[in-house]
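In what follows, a single structure is set out as structure tokens and then discussed.
The values are calculated or read from the model by the stated rules, or taken from the named source; none is laboratory data. No experiment lies behind these values; they were computed from the predicted model shown. Here the Cβ positions follow ideal geometry from the backbone for every residue, glycine too, while neighbour counts run over all protein chains shown.
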């Protein structure tokens, strides 16, 4: 969601901070701001409502030169989007703060500070942090010690970047429940909520752990303490994807680029994890064989698009590994009283590894007696990865578009690897035919993406529509849900998805000549039932748009448009049929002129509950 960038350097940091904010725009935000300590020892600030470009315009009128600074993109939680509520927040001319997350006890802190004479100029929870720090600095604390002192009284989640006019060349960061990384430069140091923000200055990063406090000083000096106040050394990681990973290249939008990257990233997920006609169970870690042998049931926890991937995995694990599966929305899981049968494996799915609800669910699950925890994730140094017993990295690379595409398909591939591994570890069938199909999956996906021009033409039928229905059966019902989500996310068309067999239980009432109905029709054992469901739509004058296996014999007729997809193994069809639905949503959004990569009201990384 919100984005933090901070720098202590031997050069003017304004452009470093501004470029970092631009690279964080994909996360979702409504305002931006920057504070720099100038050569007179003054905290100078610009804030702007709207895009980072508006902040850039302010800086063009009046630059903020200096060797240390903090900057932020805000996504409103407390207080409406406005310049007054934008970060950084100051306490007089002494302290500046940027903050991601939510301070749950800010109202009590605010009342206490007001009693002490502090006045507030914003509606945010963040401003209390600035005044708390100012109070400690006036009592003789250093900025680092003051931050350590106040964070113990903050409830909720936060990542902080703070600076003070009293300590030139110093920036302090703190992390609790919201991601924060340290960038290591040559005699320079940086902070950010995402490594992508700093790739223009470094490819070396330290991923701070829960409760860590870090101090950045001149000439790249660093010190880190843990939640108990003990000095610690955290490992330095090299960012493996390179600066080009955050570029659109020749594509019009990041989402378009990421859709077309899927054949290559699918291949990357599989690399080194298959051997001949078998899956390598050890891909999940050295203890995977033993843990999977003990697994009698699987609980999968996820949010949003990842939840749809989990729903597909339920069909796979129950059919091919013969274990019962429970799938839950992370934000709901820990607010009930789950019963954990003996031998239950806890699986989390997250693109970022910092999704607040999923992390909280993992920490709650650790108290409930699961046989083990597994994270399927895209970010190696993330909290989810560090705190799980086993991990499988999806290797999708940075995904900038808010509407997830390649992160979703790589999660599906990883979940199929999990399915095959559990089956193999338990001495069941190894499903060689699925492994062989996985080895050709990338090329089949390329064939599907080659239908782009046909799908672009098809999208014109949606340009004036306001509603749509998506249908699927079996493991393709979650794919219909994902297709509906993509359409509503980026084109703002209201879309719903149903199991096709549920049409007659209510949704048919919505079908008329103005209601487009999109269906996926793979060649599986539910095909004939699906065809009957489609006839129910046609009989009521609905407009049908069918993505069908080329061998199933569904032909274009009045009110039925058909796009034929290449044949694929039944087990992997959900992966393939995701691609045309992504392309359809993309082209409809382009036609409607929406902001494809940064749809309104949404954020890429949801790091608050």
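Tabulated data for the structure shown
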item: Among (1) under 26 Å from residue 141 (Cβ atoms); (2) part of a loop (DSSP other than H, G, I, E, B); (3) in contact with a helix residue (DSSP H, G or I) (Cβ under 9 Å, 6 or more places away or on another chain) - the single one residue 40 does not satisfy; result: (3)
item: Entirely in the stretch 400-475, the helices (runs of 4 or more DSSP H) that have 2 or more residues that are closer than 30 Å to residue 595 by Cα and without any contact (Cβ under 8 Å) to a residue 24 or more places away in the chain; result: 452-459
item: Check on residue 128, assigned by the TED database to the domain that holds residue 42, closer than 14 Å to residue 102 by Cα and buried (at least 24 other Cβ atoms within 10 Å of the Cβ); result: yes
item: Residue identified as within 30 Å of residue 119 (Cβ to Cβ) and in the same structural domain as residue 9 (by the TED database) among 215, 188, 210; result: 215
item: Odd one out for residue 25, checked against (1) within 27 Å of residue 134 (Cβ to Cβ); (2) surrounded by fewer than 23 Cβ atoms within 10 Å (Cβ to Cβ); result: (1)
item: Answer residue from the stretch 165-175, given it is in contact with a helix residue (DSSP H, G or I) (Cβ under 7 Å, 6 or more places away or on another chain) and farther than 19 Å from residue 219 by Cβ and is surrounded by the most Cβ atoms within 10 Å (Cβ to Cβ) among those; result: 174
item: Number of the condition not met by residue 298 [criteria: (1) assigned to a loop (DSSP other than H, G, I, E, B); (2) touching a strand residue (DSSP E or B) at 6+ places or on another chain (Cβ under 7 Å)]; result: (1)
item: Hey, residue 162 in contact with a helix residue (DSSP H, G or I) (Cβ under 8 Å, 6 or more places away or on another chain), crowded, with 20+ Cβ neighbours inside 10 Å, in a helix (DSSP H, G or I) and in contact (Cβ under 8 Å) with a residue 12 or more places away in the chain or not; result: no
item: Selection from the stretch 68-84 of residues that are in a loop (DSSP other than H, G, I, E, B) and in contact with a strand residue (DSSP E or B) (Cβ under 7 Å, 6 or more places away or on another chain); result: 77, 81, 82, 83
item: Residue list for the stretch 271-295, filter: under 16 Å from residue 341 (Cβ atoms) and either part of a loop (DSSP other than H, G, I, E, B) or under 27 Å from the mean Cα position of the chain (by Cα) (or both); result: 295
item: One residue from 157, 130, 189, 197 being touching a helix residue (DSSP H, G or I) at 6+ places or on another chain (Cβ under 9 Å) and modelled with pLDDT of 95 or more; result: 189
item: Candidates 267, 293, 289, filtered to the one that is assigned by the TED database to the domain that holds residue 340, closer than 25 Å to residue 448 by Cβ and touching a residue at least 24 places away in the same chain (Cβ under 8 Å); result: 267
item: Residue in the stretch 107-120 that is under 27 Å from residue 9 (Cα atoms), surrounded by 19 or more Cβ atoms within 10 Å (Cβ to Cβ) and touching a helix residue (DSSP H, G or I) at 6+ places or on another chain (Cβ under 9 Å) present; result: no
item: Condition met for residue 360 (touching a strand residue (DSSP E or B) at 6+ places or on another chain (Cβ under 6 Å), closer than 26 Å to residue 193 by Cβ and not assigned by the TED database to the domain that holds residue 175); result: no
item: Condition met for residue 79 (at positive phi and either crowded, with 24+ Cβ neighbours inside 10 Å or touching a residue at least 12 places away in the same chain (Cβ under 8 Å) (or both)); result: yes
item: Filter result (over 16 Å from residue 94 (Cβ atoms) and part of a loop (DSSP other than H, G, I, E, B)) within the stretch 127-154; result: 152, 153, 154
item: Restricting the stretch 341-364 to residues that are touching a helix residue (DSSP H, G or I) at 6+ places or on another chain (Cβ under 8 Å) and more than 30 Å from residue 400 (Cα to Cα), the residue that is surrounded by the fewest Cβ atoms within 10 Å (Cβ to Cβ); result: 343
item: The stretch 230-251: number of residues that are in a loop (DSSP other than H, G, I, E, B) and modelled with pLDDT under 90; result: 9
item: Selection count, the stretch 32-44, where residues are touching a strand residue (DSSP E or B) at 6+ places or on another chain (Cβ under 6 Å) and more than 15 Å from residue 161 (Cα to Cα); result: 2
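Per-residue answers, yes or no, for (1) within 17 Å of residue 87 (Cα to Cα); (2) outside the structural domain of residue 214 (by the TED database); (3) without any contact (Cβ under 8 Å) to a residue 40 or more places away in the chain:
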position	(1), (2), (3)
141	no, no, yes
149	no, no, yes
170	no, no, no
173	yes, no, no
